[in-house]
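The values are calculated or read from the model by the stated rules, or taken from the named source; none is laboratory data. What you are looking at is a predicted structure, and each value in this text was computed from that prediction instead of being measured. Using ideal geometry, Cβ is built from the backbone for each residue, glycine included, and neighbour counts are taken over all protein chains shown. Remember, those area values only see protein heavy atoms, side chains included, never the ligands or the DNA or RNA. Shrake-Rupley method; radii C 1.70, N 1.55, O 1.52, S 1.80 Å.
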Amino acid sequence: RRYEPDFIVETAETIYMVETKAAKDVSDEDVQLKRIAAEEYCKQASEYTRENGGKPWNYVLVSHDKVDKTSDFEYLLIHSV
């Protein structure tokens, strides 16, 4: 199946693939399978970018109840699942 993350966030040092999910769905089997696939993608992308002078990739799963209009990205990273 095709997978598209909710956001790609690039910082000075890292590229993040960010997925937000309802708190009740975070442990869902489908969400966890997507997480595993996304982590593998990030691993392979990081290997490629490391060989070509780019930034590492990381996957971040965030529960919806941690997202607020006042939340900065650093806060979301600390409170990711």
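What the table shows:
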{"item": "Per residue Cα convex hull volume in Å³ - calculated over the chain", "result": "90"}
{"item": "Amide H contacts of THR20 (H built 1.01 Å from N, under 5 Å, at least 5 apart or other chain)", "result": "ASP6, VAL62"}
{"item": "Cα long-axis angle, helix 29-51 against the chain (0 to 90 degrees, to the nearest 10)", "result": "20"}
{"item": "Solvent-accessible heavy-atom area per residue, rounded to whole Å², over the chain at 1.4 Å", "result": "72"}
{"item": "Candidates per trypsin sites (Lys or Arg not before Pro) in segment 1-66, loop by DSSP, up to 15 other Cβ within 10 Å", "result": "ARG1, ARG2"}
{"item": "For segment 30-74: rounded, prolate or oblate by the Cα gyration tensor [a/c cutoff 1.5]", "result": "oblate"}
{"item": "DSSP beta bridges in the chain [antiparallel fraction, %, rounded to 5]", "result": "35"}
{"item": "Chain lengthening between GLU10 and THR70 when straightened (0.36 nm per residue, less Cα-Cα)", "result": "19.7 nm"}
